[in-house]
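Peer 1: Let me begin by handing over the structure; questions about it come next.
The values are calculated or read from the model by the stated rules, or taken from the named source; none is laboratory data. Since the structure is predicted, the reported quantities are computational estimates derived from the model, not experimental observations. Neighbour counts run over all protein chains shown; Cβ positions are idealised from the backbone, glycine included.
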Amino acid sequence: MIKITDILSLTLPELREQMANLGEKNFRADQVFGWLHRQRVESFDGMTNISKDLRAKLSENFEFNRMTPVRILESKTDGTVKILYELKDGNHIETVLMRYEHGDSLCVSTQAGCKMGCRFCASTIAGFKRDLQPEEILGQLYETERVTGRKVSSIVLMGIGEPLDNFDNVIKFLTVLSSPEGTDMSLRHVSLSTCGLVDKIYRLMELNLGLTLSISLHSPYDSKRSELMPVNKRFGIDELIKACRAYFEKTGRRISFEYALIEGENDSREDAEALCKLTGGMPSHINIIPVNKIKERNYRSDRASARRFCKLLNSMGANATVRRTLGADIDAACGQLRREYETG
């Protein structure tokens, strides 16, 4: 049998198939799956109700890799924890644990770096290295709960990378995450943020997973959005909104539009009017985000301007709120810690 990259990446049916190849019965695969995703053992030796011979087989045929936290920052103001993980090949990713009234939410990365080139995002500046494997996305949840001792109640795929650009690995991660025999997290507690890969939105729609789709919009105009987000040159706003409406009609799930407010770029009354017209007619929510400060860009905004723009949208009938700022004292925005660590 070909050695599997990492056993944590296997769905239960895949693990049963691999165990059958080893001459083992299905219930052994179920036991191993439980040890991996419920008990969260850190090695095969921790599977105490499995024979030494089977543990030896597992060690011979599967890898069991873990990521290493190399920096952990905790906010003194709101309990946000930002962790920089080192992967087995030396690449680095970021994970952020955020505290809300409804529970702790974990923001996970899906790629080491990003190809999308959004001008206000620190993740793209350090460059794209590679896609993350399912176990590396899942490992952020398991390792963060272990390191912090806190229970995660929801997940947002909004860290470093574009989730839909790593489509197959992300879907496999979601399959393992929601498996009743494992972590058993409802995908209604998962939000996936995309810059607007329309072809992948349609693929996601057909799976009807029940998760929340968040669209990084940031401008209602093609010319400005193309300037801020190069992906818009491939998939324009009309095409993107058409896909969003189709997603809602298929899944019944309200669309969330992320809008990073940039002073002098996308914060005028005309912007607000165009944004309301664009998103009207379907259940949606507009999330206003004061743009993060990064040293390579001169973009800026603050919570006062975000509140003013939000109030304007609300007066026009839009469902809009200003995102709560978390981890400001530890620079919790995606990409900053990785870039500082790798550049020294």
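Peer 1: Spot the failing condition for G159; the list is (1) modelled with pLDDT of 95 or more; (2) small (G, A, S); (3) within 22 Å of V231 (Cβ to Cβ), and only one is missed.
Peer 2: Result: G159 passes all but (1).
Peer 1: Step by step: first the residues of the range 116-149, then only those that are in contact with a Gly (Cβ under 9 Å, 6 or more places away or on another chain) and surrounded by fewer than 16 Cβ atoms within 10 Å (Cβ to Cβ), then the one that is nearest to N169 (Cα to Cα). Which residue is that?
Peer 2: Looking at residues that are in contact with a Gly (Cβ under 9 Å, 6 or more places away or on another chain) and surrounded by fewer than 16 Cβ atoms within 10 Å (Cβ to Cβ), I get R130.
Peer 1: Shifting gears a bit: For K82, state whether it is in contact with a helix residue (DSSP H, G or I) (Cβ under 8 Å, 6 or more places away or on another chain) and surrounded by 14 or more Cβ atoms within 10 Å (Cβ to Cβ).
Peer 2: It is true that K82 is in contact with a helix residue (DSSP H, G or I) (Cβ under 8 Å, 6 or more places away or on another chain) and surrounded by 14 or more Cβ atoms within 10 Å (Cβ to Cβ).
Peer 1: May I pose another question? Starting from residues that are touching a residue at least 12 places away in the same chain (Cβ under 8 Å) and assigned to a loop (DSSP other than H, G, I, E, B), keep the ones in the range 221-254 and report whichever is surrounded by the fewest Cβ atoms within 10 Å (Cβ to Cβ).
Peer 2: R254
Peer 1: Here is a further query. So which residues in the range 272-292 are in a strand (DSSP E or B) and among the hydrophobic types (A, V, I, L, M, F, W, C), if there are any at all?
Peer 2: I286, I288, I289
Peer 1: Here is a further query. Quick one: is K88 modelled with pLDDT under 95 and more than 23 Å from S216 (Cα to Cα)?
Peer 2: Yes: the conditions hold for K88.
Peer 1: Further question on the same structure: Residues to consider are K52, K76; find the one that is of a type in the set (K, R) and closer than 29 Å to M158 by Cβ.
Peer 2: Step by step, each of K52, K76 is checked, and only K76 is of a type in the set (K, R) and closer than 29 Å to M158 by Cβ.
Peer 1: Oh, and also: Can you go through G46, G23 and tell me which one is among the small types (G, A, S) and within 28 Å of V147 (Cα to Cα)?
Peer 2: G46 is the lone residue from the list that is among the small types (G, A, S) and within 28 Å of V147 (Cα to Cα).
Peer 1: Give just the number: which of (1) farther than 25 Å from H189 by Cα; (2) hydrophobic (A, V, I, L, M, F, W, C); (3) more than 18 Å from the chain's Cα centre (by Cα); (4) crowded, with 22+ Cβ neighbours inside 10 Å does L36 not satisfy?
Peer 2: That leaves (1) as the condition not met.
Peer 1: Report, by residue number, each residue of the range 259-288 that is hydrophobic (A, V, I, L, M, F, W, C) and either without any contact (Cβ under 8 Å) to a residue 12 or more places away in the chain or closer than 15 Å to R119 by Cα (or both).
Peer 2: Answer for the range 259-288, where residues must be hydrophobic (A, V, I, L, M, F, W, C) and either without any contact (Cβ under 8 Å) to a residue 12 or more places away in the chain or closer than 15 Å to R119 by Cα (or both): A260, L261, I262.
Peer 1: Which condition breaks for D78 when tested against (1) more than 30 Å from S226 (Cβ to Cβ); (2) acidic (D, E); (3) at pLDDT 95 or above?
Peer 2: Of everything listed in (1) more than 30 Å from S226 (Cβ to Cβ); (2) acidic (D, E); (3) at pLDDT 95 or above, D78 misses just condition (3).
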